[in-house]
Amino acid sequence: MTETTVSPERPLVVEEGEEQRGFIGQSVPRKEDKRLVQGEGVFFDDVKRHEMGFVHFARSPYAHARIKSVDVSKALELDGVYGTLTGDEVAILTDPFFELSTPPGANIKDYALAVGKVRHVGDPVAAVVARTRELARDAAELVEVDYEPLPVLLDGEEALKDEVVLHDDAASNTVWSGIFDWGDFDAALAEADHVVRIERLHFDRFSSTPLECSGCLVEYNRGTGQWTIHGTHQMPGVGAIWMAPALRVGIDKLRFVSQDIGGGFGNKITLHPQFTACCLLARKLNRPVQWTEWRTDQHTANTHGNERTFLDVTVPVKADGTMLGFSVRAIDDCGAFPRYEPLGCIIWAQVTPGCYRWRNVRVDFTQVCTNKSPVAPNRGYSRMQHLWLTERIVDIVANELGLDPVEVRKRNYVKQDEFPYETPNGCVYDSGDYARCLDIALELIGYETIEDRRREAESRGKLLGIGIGSTLDSGTNNFGQSMILNPELQFSGNNEVATVKLDIFGEIVVTLGTVPQGQSHETTTAQVVADILGCSPDDVNVRAGHDTYWNSHAGFSGTYASQFAVTGLGAVKGAADKLAGEMKLLASAVFGCSPDDIELAEGHARIKGNPEAALPFMALGAILNANNAGLPPDLDISLNVRYVYRPPFEKPDLERKFGNLTLTYATQIHACVVEVDPETGVYEIVDYAAVDDCGKRIHPQIVEGQVHGATAHALGAATHEIFTYDEEGNLLTPNFYDYHVPHALDMPPMRTGYVESESPFTPLGAKGMGEGGGAGIHAMCAALQNALGRRGEGPIVSRSCNPYHRVWELLQNPSESRKLVTVESR
Amino acid sequence: MLLRDVEYARPASVEDAVRLLSEFDGARALAGGQTLINVMKARAASPDVLVDLNDLDDLKGIELGSDGTLEIGAMATYTDVMTSAEARARPILGEVCAQIADVQVRNRGTIGGNVCSNDPTNHLPPLLVAVGATMTIVGAGEERSVPADEFFLGVYMTAAGPGELLTKITVPPGKSDGFASVTIGKEGTCIVNAAASLSDGSPRVAIGCVDAVPVLLQPSSSEASAVREAVRGASLMPPSDVHASADYRRHLAEVLAARAVTQASGGK
Amino acid sequence: MDVVSSKTITVEVNGARYEREVDARRLLIHFLRDDLDLTGSHIGCDTGNCGACSVLVDGTLVKSCMLLGIQADGAKIETVEGLAQDGRLTALQQSFSDHHALQCGYCTPGMLMSATALLRANPHPSELEIRHGIQGNICRCTGYVNIVEAIRAAAE
């Protein structure tokens, strides 16, 4: 049931002896697999230390309450309990975590444990450490907290009123607020032949819920004041920037180590509060402490993706279907604490017009706190929510004005010959061919026969719908966009690090600053290094995981923002190129020729045209490291290279909120066919096509794996994955029983296709593509819209997640949702 | 995720099991554990003593009588029912068991556990009410039979009380059965289910997920309109929750009841 | 018979015999991971839905988070660590790698045990049967596409 159309073809690994075609572009065997298929991976919970204590957090049952007292005495009496930590201690021992926003958001005080108040159900109030996991859990129940419940705030629009305020220090729920205005929206309105107004659209709260929950094992070395954190942090560069000042220590006192991580998808970036609590406990108790997050904790008290309401969407349209832009008021609900926010307030601007040539955009953006779980940069972070808006706009406008959904997209898409394309706010879309991707998706889905299929479904009493979802995965952040939000911030550009060395016995060893959670960094790194050094990926030993002691990290090191193929591999390429240069220099010194006469091939440094004159890598390594007498004194090489890749960015124009915020843009154009049972609202996705363009594909099979995974996440978010709260702030979907993620039987048949529009801006022509832009959500909403309400009649799909009950409500009461849309035709 | 302290016993006979369940106030029978262990992980309930029934081979058999009556031991797993040649005498049993969760759960979860936990979203309570099954309960020194439609008393409550054990379920002969459900995802949590059975052309429909116990209806005929009217006439007051509103459940009850009856009549 | 709060149990795991004292309340998955240091089987949820803990107990595929360690006294258990022999991967493990059926690898041990159980019972499953066979195993990375393909290819 799975078909793959690949353009170009996927070649096999090069046979030994054949002329090397290069490993980049081949689907070579994955290095990570051997240990993982044998259960020999090392995930944080696999690591054990003698006499370690297990941490359990006592958490708030209230969504909003003052903490009147915390009494841990009964917990401490339990045999086997080693110690506790409370908010009072944290407030003395640490400083609040660094806030990114301007006032009032800047005044929020965020600590490792709740201080003075709890602000969401699950907010950790105290921590207990015990000899066994079960005892820690028992002891946590004995912590007595006296709460004074406060009114609960669960709605973003309500939060704007500041009647119930979460953070007294900020005296407002508004984390950040601003107006973005590019082009001339008023002129566009005046010019329009139709104006389509959508009163409200809502992007629902969900999370990519990695299968491995968060956690860490922390050791403290009293002699050196050094903490070692074996944990799931996927962005330790930034994690340290939060934790070190809070703990009042230098950055180097925090060593982050990980080998294997069971998925992250952005939900393992803001772990600094829990990790800081564990650091304090390890130091206080003078023993290693281990914290494992359970599933319910992850759903209630780790992180969600941003929930966003779009109000007063106004779209000027010309008679021929050209859209001129849009204006919108956006309210982003970031939950109880901003943490990585308010970056989400600008990051969407990387894709301001979506896939479209819209020049006039006005966005009034406000982010607020509510008594829900805090958010984190969940897969698709902030762009996905915005791209969903642009796709709902195209879909609803086409629907209301009777425009052909394919035609209207092609009319409005950025055209292939317009790349690199500068958007109204100065972002540069590097390359792409949206129309071609759409054509391939339509071919894969059998678009030509769709009306036949619709009739056939009707004969069985079912409503068939087809939807297109166009989206972008913008990758490699320019952190200078943070300055648009807060000019006081000192973050801009980006970086990543790699080291490559040639060891004494000729082994090539690479360390990365990135933190893979399944993205195959070891494998793709080996491909790049092998091509540069002229050997095979099997000869390249890439150390698994991340360790700050390797010194292969920088301020922004980590794995996020769809950037590994650019920043990570850019660093690898830079280091390997430098090492190659040194190897050639050394060989030329040994042979007494010019370095330009040397080539690296088949694991040797040899004189071009004279393959007999060849030094194996082992010889080079041995000469420099152990047998170096007689080498020229000015031969300045080490065969141990560290390289920092820096993407070419400028600081943005803060006044105009203008500038290039992202280096690359991968394209995803998906098509979805859905069958709805009008009697029940139950639907089934009967066909699905995904076309991806991420420039040069380093490893096609890995790229395709990411496409499959991103699609599964998107379809989950479009169907059943939604975080819903009751009036008291209890999460109603706190585990996998009620929060249904796709299982094997839930997935539709998937057909995939590829285009490779190389990026002119990146070292390898590749683009990051690990997040995807939520295309499955956009396509599903469009497919349901097509099934339920077409040609200006019937219900309007205005929410991103549409479980069966919502579809049924749309069918029962089409006029309710129809009220959301008005069309003014001139 | 982590259980409270508990004591454990693994009796070798039904008599020993019943004695243990009577002796300790906070004793609970541990059958497949696919529900109870999760309840204990959440600490929503914490029995003092777990009486593990997994050594009671007497409760695992599935027997087919010459008159077509099936006797299913309470400790028969869903997989046992699905693979049992005898159980094929009443195919709906295996068909419904095959829709429960997944292979791992089906390998351990038991028929007895499913009905005794009486989670309103379980499939077997309405199914067994529809087919008119009889439950055999053993207590200290006595054995009694309770028809399925009197067995389910409330949410998580059945006629098998403290100190008692469900030992077997007797299913009368028949083949005109149907079952329809709407679940979150394939084989996920159930929103509404309906089981139907025709005996002498007269339909019995039991609807689950709409009340504390399965709601048994006997429509005047197998016509969809008669079934739907019977459901409406029952004035159901289903719960509203994150997956469905009361209205939606009420509507689904009508639709699924009619579909189950149609299936039982041999239609599709 | 005894009512106990803990017991010294004997289990055979992947052919090796272990004797340990275990509290009645300790889940089998924690017994395997923490007491026997067999960390190949994983934990991904707390409601028995994800299947990352799947192992074979006396030849039957179960989720070890819904069994108590004490219940496994006398049982023969197979976990992912027992699949490869002397570092030689099984056809299934090799097929998982060949078809990129794992990304982060966290669901993989449970997935492999489910696939092993499936192929033992049904050496040539259809695609639908494969999906039923792994329905109790959640993966958040792969969308199951390559997992299904890997199992199908290994069955050939």
- Please identify the pairs in which a residue from the stretch B:216-243 that is more than 14 Å from every other protein chain (Cβ to nearest Cβ) has its Cβ atom under 6 Å from the Cβ atom of a residue that is assigned to a strand (DSSP E or B) and among the basic types (Lys, Arg), counting only partners at least 6 apart or on another chain. B:Gln218/B:Arg204
- Scan the stretch A:125-136 residue by residue and report those that are over 20 Å from A:Thr276 (Cα atoms) and at the interface with chain B (Cβ under 8 Å from one of its Cβ atoms). A:Glu134
- Query: What pairs can you find where one residue is in the stretch C:1-25 and within 14 Å of chain B (Cβ to nearest Cβ) and farther than 20 Å from A:Arg133 by Cβ, the other is among the β-branched types (Val, Ile, Thr) and part of a strand (DSSP E or B), and their Cβ atoms are less than 9 Å apart, with a gap of 6+ or different chains?
  - Reply: C:Val3/B:Val49; C:Val3/B:Val51; C:Thr8/C:Val22
- Find the residue count for the stretch A:281-306, including only residues that are in contact with a helix residue (DSSP H, G or I) (Cβ under 7 Å, 6 or more places away or on another chain) and surrounded by fewer than 24 Cβ atoms within 10 Å (Cβ to Cβ). 2
- Query: Only one of (1) surrounded by fewer than 15 Cβ atoms within 10 Å (Cβ to Cβ); (2) modelled with pLDDT of 95 or more; (3) more than 23 Å from the chain's Cα centre (by Cα) fails for B:Ala224. Which number is that?
  - Reply: (1)
- Do we find a residue being buried (at least 21 other Cβ atoms within 10 Å of the Cβ), touching a residue at least 12 places away in the same chain (Cβ under 8 Å) and within 26 Å of A:Phe365 (Cβ to Cβ) anywhere in the stretch A:120-143? yes
- Find all pairs meeting these conditions: Cβ atoms under 6 angstrom apart; at least six residues apart or on different chains; first residue within the stretch A:68-97 and over 27 Å from A:Val249 (Cβ atoms); second residue exposed (fewer than 14 other Cβ atoms within 10 Å of the Cβ) and of a type in the set (D, E, K, R). A:Lys68/A:Asp146; A:Lys68/A:Glu148; A:Ser69/A:Asp146
- Which listed residue is more than 27 Å from the chain's Cα centre (by Cα), under 24 Å from A:Val375 (Cβ atoms) and of a type in the set (Asp, Glu), from A:Asp193, A:Asp162, A:Asp184: A:Asp162
- Query: Given the conditions (1) more than 9 Å from chain C (Cβ to nearest Cβ); (2) free of Cβ contacts under 8 Å to residues at least 60 places away in the same chain; (3) out of contact with any Lys or Arg (no Cβ under 9 Å at 6 or more places or on another chain), and given that B:Val14 satisfies all but one, which numbered condition is not satisfied?
  - Reply: (2)
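Inspect all residues belonging to the stretch A:689-697 and state whether any of them is away from chain C (no Cβ under 14 Å) and among the basic types (Lys, Arg).
Within the stretch A:689-697, the first condition is being away from chain C (no Cβ under 14 Å), and the residues that meet it are A:691, A:693-696.
Then drop every residue that is not among the basic types (Lys, Arg), which leaves A:696.
Checked against the condition, which is being away from chain C (no Cβ under 14 Å) and among the basic types (Lys, Arg), the stretch A:689-697 yields at least one hit.
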- Message: Tell me which helices (runs of 4 or more DSSP H) are completely within the stretch C:49-149 and hold 1 or more residues being touching a Phe, Trp or Tyr at 6+ places or on another chain (Cβ under 9 Å), or say none if there are none.
- Response: C:108-121, C:127-133
- Among the residues of the stretch A:346-380, how many are crowded, with 24+ Cβ neighbours inside 10 Å, out of contact with any His (no Cβ under 9 Å at 6 or more places or on another chain) and among the charged types (D, E, K, R)? 0
- Note on the structure: With criteria (1) free of Cβ contacts under 8 Å to residues at least 24 places away in the same chain; (2) of a type outside the set (Gly, Ala, Ser); (3) at positive phi, A:Arg248 comes up short on (1)
- Task: State yes or no: is B:Asp58 over 17 Å from C:Leu67 (Cα atoms), surrounded by fewer than 21 Cβ atoms within 10 Å (Cβ to Cβ), at the interface with chain C (Cβ under 9 Å from one of its Cβ atoms) and of a type outside the set (Lys, Arg)?
- Result: no
- Note on the structure: Those residues of the stretch A:560-602 which are surrounded by fewer than 19 Cβ atoms within 10 Å (Cβ to Cβ), of a type in the set (Gly, Ala, Ser) and under 21 Å from A:Val510 (Cα atoms) amount to A:Gly581, A:Ala601
- Message: Conditions first: (1) crowded, with 21+ Cβ neighbours inside 10 Å; (2) outside any helix (DSSP H, G or I). C:Ile29 passes all but one, so which condition is the exception?
- Response: (2)
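For the subset of the stretch A:678-720 comprising residues that are small (Gly, Ala, Ser) and under 15 Å from A:Phe564 (Cβ atoms), which member is surrounded by the fewest Cβ atoms within 10 Å (Cβ to Cβ)? Let's see the steps before the verdict.
Start the filter on the stretch A:678-720 by keeping residues that are small (Gly, Ala, Ser), which leaves A:681, A:689-690, A:695, A:705, A:709-710, A:712, A:714, A:716-718.
Remaining after also requiring under 15 Å from A:Phe564 (Cβ atoms): A:695, A:705, A:709-710.
On the way: A:Gly695: 29, A:Gly705: 25, A:Gly709: 28, A:Ala710: 31.
Top of the filtered list is A:Gly705.
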- Selection over the stretch A:575-591 where residues are without any contact (Cβ under 8 Å) to a residue 40 or more places away in the chain and in contact with a Pro (Cβ under 7 Å, 6 or more places away or on another chain) yields a count of 2
- Query: (1) of a type in the set (A, V, I, L, M, F, W, C); (2) more than 10 Å from every other protein chain (Cβ to nearest Cβ); (3) part of a helix (DSSP H, G or I); (4) closer than 30 Å to A:Ala530 by Cβ: which one isn't true of A:Leu764, the others all being true?
  - Reply: (3)
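When you go through C:Leu89, C:Leu32 one by one, which is the residue that is within 12 Å of chain A (Cβ to nearest Cβ) and under 13 Å from the mean Cα position of the chain (by Cα)?
None of the others qualify; the one that does is C:Leu32.
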- Per-region count, the stretch A:260-312, residues more than 30 Å from A:Lys34 (Cβ to Cβ), of a type in the set (D, E, K, R) and within 14 Å of another protein chain (Cβ to nearest Cβ): 1
- Task: May I ask you to list pairs of residues, at least six apart or on different chains, whose Cβ atoms are under 7 Å apart, with the first in the stretch C:133-144 being at the interface with another protein chain (Cβ under 7 Å from one of its Cβ atoms) and the second being charged (D, E, K, R) and in a loop (DSSP other than H, G, I, E, B)?
- Result: C:Gln135/B:Asp102; C:Gln135/B:Glu187; C:Gly136/B:Asp102
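State all residues of the stretch B:244-268 that are of a type outside the set (A, V, I, L, M, F, W, C), within 13 Å of chain A (Cβ to nearest Cβ) and assigned to a loop (DSSP other than H, G, I, E, B); if no residue qualifies, say none.
Applying the first criterion (of a type outside the set (A, V, I, L, M, F, W, C)) to the stretch B:244-268 yields B:245, B:247-251, B:254, B:259, B:262-263, B:265-268.
Retained after the next criterion (residues that are within 13 Å of chain A (Cβ to nearest Cβ)): B:245, B:247-251, B:254, B:259, B:262, B:268.
Selection gives B:Ser245, B:Lys268.
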- Query: Does the stretch A:521-533 contain at least one residue that is without any contact (Cβ under 8 Å) to a residue 60 or more places away in the chain, out of contact with any Pro (no Cβ under 9 Å at 6 or more places or on another chain) and not β-branched (Val, Ile, Thr)?
  - Reply: yes
- Message: Based on this model, can you work out whether C:Ala75 counts as in contact with an Asp or Glu (Cβ under 8 Å, 6 or more places away or on another chain), in the same structural domain as C:Val11 (by TED's automatic domain parsing) and over 24 Å from A:Arg295 (Cβ atoms)?
- Response: yes
- Query: What do you reckon, is A:Gly305 without any contact (Cβ under 8 Å) to a residue 60 or more places away in the chain and small (Gly, Ala, Ser)?
  - Reply: no
- Exclusive hit being touching a residue at least 60 places away in the same chain (Cβ under 8 Å), on the phi > 0 side of the Ramachandran plot and buried (at least 19 other Cβ atoms within 10 Å of the Cβ), set A:Gly446, A:Gly402, A:Gly432: A:Gly432
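The values are calculated or read from the model by the stated rules, or taken from the named source; none is laboratory data. Since we're looking at a predicted model, the values are computed, not measured. Note: ideal-geometry Cβ built from the backbone for every residue, glycine included; neighbour counts use all protein chains shown.
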